[in-house]
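As structure tokens, the structure follows; a few thoughts come after it.
Read-outs: derived from the displayed coordinates by stated rules, not from any lab. Owing to the predicted nature of the structure, the values given are computational and were not obtained by experimental measurement. Because the Cβ atoms are built from the backbone with ideal geometry, glycine has one as well, and the counts that use them run over all protein chains shown.
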Amino acid sequence: MEFARDRVIKIDKTHILYARFQAKAGSWEAKAHAYAMTKHRMRMVLTYKYAEALNLMVVGAVNRTEWLTGTFSKFGVDHCADIMPIIHLYRSEVEELAKQIDIPEYILSKPADADVLPGLDDKSILLGDFIQVDQILKMLETGDGEELKTLVDDQSLIEKIIKLKELSKQMRESPYCLERE
């Protein structure tokens, strides 16, 4: 496969979100996604290697916003862990908790590095404002869709979050197993 260094491709960030779930087999999108996920899975393998050698527990850092939108790596460092202490908290709640327990400002102000594509250093670029995204997710979970339409001005954001939640459903399910009769 040749890569044209002089060719610039403008990529819509919403396209990146959907492409990871809908990429055509063998496409550059599928290959890029496979590379990025392999990178995260290798980190998970190394994390477990050291944890087991030192008799430690692996603590996951995925939050509810990432979990419900599929913005984590399946079987990667955010998915595989012995314990997931913040999976029940939305991203905006994690930020509020961090302030309450006096996490230093240099950590609070650091962008959430998705580490998937060069130059794409913040998950908020992909999802949007976390407070609004979390509000949408909360209302989707409680089934209050009508109120959602009145509280959120950007209907395209609602549609994007609904689509991401549906496309990433398989990431939140355990491996499929055959039942014994």
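A compact table of results
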read-out: Burial ranking of peptide ranges 163-171, 30-38 (average Cβ count within 10 Å, highest at the top); value: 163-171, 30-38
read-out: Cross-link table Lys110/Lys160; Lys74/Lys160; Lys24/Lys74; Lys31/Lys163; Lys24/Lys110; Lys74/Lys163, entries beyond 29 Å C-alpha to C-alpha; value: Lys24/Lys110
read-out: For Leu178, Leu137, order by how many other beta-carbon atoms lie within 10 Å, fewest first; value: Leu178, Leu137
read-out: Ranked by how many other beta carbons lie within 10 Å on average, peptides 152-159, 73-80, 102-109 from highest; value: 73-80, 152-159, 102-109
